[in-house]
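The values are calculated or read from the model by the stated rules, or taken from the named source; none is laboratory data. Just so you know, these numbers come straight off a predicted model, no measurement behind them. Virtual Cβ from ideal backbone geometry, glycine too; neighbours counted across all protein chains shown. Side chains included, ligands, DNA and RNA excluded: accessible areas come from the protein's heavy atoms. Shrake-Rupley method; radii C 1.70, N 1.55, O 1.52, S 1.80 Å.
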Amino acid sequence: MDTSSAPPPTGPLDALSMRDVVAGLEENRRAMASLQAREMQLLGRAGAIAAEQTERIPVSAQRERELPLRSIAAEVGAALRRSDRGMQGRIHQAAALLVAFPAVIAALHQGRIDMAHVRVIDEAGSRIADAEARGLFEQAALVVAERETPGRARPIIVTLAQRIDPAPLTERHADAAAARRVWVRDLEDGMAELVALLPAVLAHGIHDRVHRTARALRDAAALERGAGGGQAPGGRASGGRVTSGGEPGVATSVPDAGGEPADCRTIDQRRADVFADLLLTGHPTAEASDATICETEAIVAHVQVTVPAATLAGGDAPASIPGHGPLDAETARHLAGGASSWDRLFMDSTTGAVGATDCYRPSLAQRRQLRARDEHCRFPGCRSDVWICDIDHTVDHAHGGPTRCDNLAHLCRRHHMLKHHSAWTVVQRPGGVLEWTSPAGRVYPDVPRRALEFTAAIAAGAPPPF
């Protein structure tokens with residue numbers, strides 16, 4: 001990303017150009033990051049003062065040894081109008097971060113990253129007990145954090161932590177899976193969150209099946225209306241929870257051109273309805289609960305998993321779920337045993353980029369190679385999955401652009417339109433790097449995840465992650 005700095009603009013805001021606005025926002029973000037790092041250092045110093053006071057109290061007086069930190073947290077909390085319990089937690093977190101990731105705090109102070117990046121690095125790397133391995137992880141994570149948004153950086157940084165941590169991933173996954181659970185958190189307006197902590201492959205599979213079922217039911221309802229089928233029995237539109245009576249908390253149907261209620265739910269609402277119906281009735285719609293055959297039961301989840309060949313042969317190298325991160329070897333082999341097809345990927349040992357696949361049909365091979373390389377929309381910061389993206393010619397086909405992988409990339413519909421109907425431009429560089437130029441003339445390179453992960457690991461002195 002273009003990190004060129006400029007003095008903050010002065011004068012009336014309505015006189016600023018777009019270039020000045022962007023420069024001003026960047027300067028503000030750097031200043032805020034520096035202040036947040038300073039606050040963290042002050043909180044760490046407060047913790048150190050509490051520790052010095054605690055050391056002067058005999059070890060046998062356990063209750064008294066807790067008072068210095070409590071007292072200091074209460075004083076800081078009162079000054080900042082925050083609860084002392086919350087402030088005690090922040091002091092503890094700041095002290096731990098300053099010891100575990102000093103380079104990350106320095107980068108925050110310099111405005112190279114922000115607090116969201118710090119949280120991602122801390123969550124991924126705080127479990128690395130070995131100090132040397134944690135130092136390698138910190139270097140690699142900073143390479144990624146300085147180039148990517150926190151959302152895009154998270155799966156890469158999690159993967160780096162898993163690869164660099166000397167503790168076996170299979171053991172860590174088994175420990176984490178033992179904590180699986182389901183809970184409910186009540187919200188306002190008669191709503192609640194149903195949350196499930198599951199192995200990643202199961203969670204992604206559930207979401208994918210719900211999404212595919214919701215889309216299939218939506219398309220079926222549209223065809224039914226077009227054929228004059230109207231509304232499903234019971235006042236409920238085919239495949240969902242829309243009623244003409246306007247139930248509380250549920251989208252209300254509106255009449256279509258033929259006078260029948262039309263299903264106006266969003267795809268998010270459809271997914272939520274399918275999710276509830278599947279769990280409560282065993283079918284994606286309430287009407288299908290009494291039926292013996294449901295067409296959408298044939299829909300299965302589609303989860304892309306990349307597995308090293310050595311892992312399939314019994315090795316311990318982790319696989320990965322694009323957009324999420326690493327997957328333990330045992331689970332990967334179990335999934336591979338039931339796979340109906342295989343795509344072999346050849347990785348460039350220098351850059352870490354996907355070079356080719358060995359599929360039979362060239363057009364299908366290109367799509368598979370691009371899915372493996374891109375994993376999500378290639379506009380900076382966007383994480384829309386490749387399965388809902390368009391494959392775009394970087395140089396338009398109408399203008400002579402070839403249909404080759406070095407001229408193709410996944411773009412979600414929003415950013416596909418932005419490329420073609422705005423002043424944004426893009427050039428594809430070697431290794432699948434997309435170099436975007438904004439209307440203000442700023443350049444934002446977007447690097448494929450695997451190549452960026454590879455570069456970060458090499459920068460940290462760790463072995464290549466492939």
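Restricting the search to segment 375-416, which residues are open to solvent by 40 Å² or more (accessible area, probe 1.4 Å), aliphatic (A, V, I, L, M) and either closer than 28 Å to residue 215 by Cβ or in contact with a His (Cβ under 8 Å, 6 or more places away or on another chain) (or both)?
Listed by number, the residues that qualify are 388, 391.
Being open to solvent by less than 60 Å² (accessible area, probe 1.4 Å), assigned to a loop (DSSP other than H, G, I, E, B) and at positive phi narrows it down to one of 111, 190, so name that one. Outline the logic, then answer.
Numbers: 190 fails: open to solvent by less than 60 Å² (accessible area, probe 1.4 Å).
Going through 111, 190 in turn, just one is open to solvent by less than 60 Å² (accessible area, probe 1.4 Å), assigned to a loop (DSSP other than H, G, I, E, B) and at positive phi: 111.
Would you mind listing the strands (runs of 3 or more DSSP E) fully within segment 369-466 where at least 2 residues are within 19 Å of residue 145 (Cβ to Cβ)?
Once the strands (runs of 3 or more DSSP E) in segment 369-466 are filtered for at least 2 residues that are within 19 Å of residue 145 (Cβ to Cβ), what remains is 443-446.
Quickly run through segment 40-79 and pick out the residues that are open to solvent by 80 Å² or more (accessible area, probe 1.4 Å) and either assigned to a helix (DSSP H, G or I) or under 20 Å from residue 112 (Cβ atoms) (or both).
If the condition is that a residue be open to solvent by 80 Å² or more (accessible area, probe 1.4 Å) and either assigned to a helix (DSSP H, G or I) or under 20 Å from residue 112 (Cβ atoms) (or both), then 42, 45, 52, 55, 62, 63, 64, 67, 70, 75 are the ones that fit.
Filter segment 119-142 for residues that are open to solvent by 40 Å² or more (accessible area, probe 1.4 Å), farther than 19 Å from residue 169 by Cβ and either in contact with a helix residue (DSSP H, G or I) (Cβ under 8 Å, 6 or more places away or on another chain) or not in a helix (DSSP H, G or I) (or both) and give the result.
Taking segment 119-142 and keeping what is open to solvent by 40 Å² or more (accessible area, probe 1.4 Å), we get 119, 123, 126-127, 129-132, 134, 136, 139.
With farther than 19 Å from residue 169 by Cβ added as a condition, the list becomes 119, 131, 139.
If the condition is that a residue be open to solvent by 40 Å² or more (accessible area, probe 1.4 Å), farther than 19 Å from residue 169 by Cβ and either in contact with a helix residue (DSSP H, G or I) (Cβ under 8 Å, 6 or more places away or on another chain) or not in a helix (DSSP H, G or I) (or both), then 119, 139 are the ones that fit.
Every residue in segment 40-83 that is free of Cβ contacts under 8 Å to residues at least 60 places away in the same chain, closer than 24 Å to residue 105 by Cα and in contact with a Lys or Arg (Cβ under 9 Å, 6 or more places away or on another chain), please.
Answer for segment 40-83, where residues must be free of Cβ contacts under 8 Å to residues at least 60 places away in the same chain, closer than 24 Å to residue 105 by Cα and in contact with a Lys or Arg (Cβ under 9 Å, 6 or more places away or on another chain): 43, 50, 73, 76, 77, 82.
Taking residue 133, is it of a type in the set (A, V, I, L, M, F, W, C), at pLDDT 90 or above and closer than 23 Å to residue 385 by Cα?
Working: of a type in the set (A, V, I, L, M, F, W, C): yes; at pLDDT 90 or above: yes; closer than 23 Å to residue 385 by Cα: no.
No: the conditions fail for residue 133.
Is it the case that some residue within segment 419-442 is within 23 Å of the chain's Cα centre (by Cα), without any contact (Cβ under 8 Å) to a residue 12 or more places away in the chain and surrounded by fewer than 19 Cβ atoms within 10 Å (Cβ to Cβ)?
Yes, segment 419-442 contains a residue that is within 23 Å of the chain's Cα centre (by Cα), without any contact (Cβ under 8 Å) to a residue 12 or more places away in the chain and surrounded by fewer than 19 Cβ atoms within 10 Å (Cβ to Cβ).
Just give me the residues in segment 376-413 being charged (D, E, K, R) and touching a strand residue (DSSP E or B) at 6+ places or on another chain (Cβ under 8 Å), in sequence order.
We begin by selecting, within segment 376-413, every residue charged (D, E, K, R); these are 378, 383, 385, 390, 392, 396, 404, 406, 413.
Listed by number, the residues that qualify are 378, 383, 385, 390, 392, 406, 413.
Could you tell me which numbered condition residue 445 fails, if it satisfies all but one of (1) surrounded by fewer than 18 Cβ atoms within 10 Å (Cβ to Cβ); (2) modelled with pLDDT of 90 or more; (3) over 26 Å from residue 26 (Cα atoms)?
Just one mismatch for residue 445, condition (3).
Of everything in segment 149-170, what is out of contact with any Lys or Arg (no Cβ under 9 Å at 6 or more places or on another chain) and either closer than 30 Å to residue 443 by Cα or in a loop (DSSP other than H, G, I, E, B) (or both)? Give them in sequence order.
So in segment 149-170, the residues out of contact with any Lys or Arg (no Cβ under 9 Å at 6 or more places or on another chain) come out as 154, 157-158, 160, 163, 166, 168, 170.
Within segment 149-170, 154, 157, 158, 160, 166, 168 qualify.
Just a yes or no: is a residue in segment 9-30 surrounded by fewer than 18 Cβ atoms within 10 Å (Cβ to Cβ), charged (D, E, K, R) and more than 30 Å from residue 378 (Cβ to Cβ)?
yes
Spot the failing condition for residue 100; the list is (1) open to solvent by 40 Å² or more (accessible area, probe 1.4 Å); (2) in contact with a Ser or Thr (Cβ under 9 Å, 6 or more places away or on another chain); (3) of a type outside the set (S, T, N, Q), and only one is missed.
Checking residue 100 against (1) open to solvent by 40 Å² or more (accessible area, probe 1.4 Å); (2) in contact with a Ser or Thr (Cβ under 9 Å, 6 or more places away or on another chain); (3) of a type outside the set (S, T, N, Q), the one that fails is (1).
Quick check on segment 99-106. Is at least one of its residues in a loop (DSSP other than H, G, I, E, B) and under 27 Å from the mean Cα position of the chain (by Cα)?
yes
Taking the condition of being closer than 13 Å to residue 327 by Cα, without any contact (Cβ under 8 Å) to a residue 60 or more places away in the chain and buried (at least 20 other Cβ atoms within 10 Å of the Cβ), how many residues in segment 157-173 meet it?
Final tally of qualifying residues: 1.
Would you be able to say whether some residue in segment 149-156 is open to solvent by less than 40 Å² (accessible area, probe 1.4 Å), among the hydrophobic types (A, V, I, L, M, F, W, C) and at pLDDT below 90? Before the answer, list the steps.
Taking segment 149-156 as the starting set, the residues that turn out to be open to solvent by less than 40 Å² (accessible area, probe 1.4 Å) are 150-153, 155-156.
Next, from what is left, pick out any that are among the hydrophobic types (A, V, I, L, M, F, W, C): 153, 156.
Still in the list and also at pLDDT below 90: none.
Scanning segment 149-156 turns up no residue that is open to solvent by less than 40 Å² (accessible area, probe 1.4 Å), among the hydrophobic types (A, V, I, L, M, F, W, C) and at pLDDT below 90.
Please enumerate the residues belonging to segment 69-123 that are within 28 Å of residue 159 (Cβ to Cβ) and basic (Lys, Arg).
Matches in segment 69-123: 112, 119.
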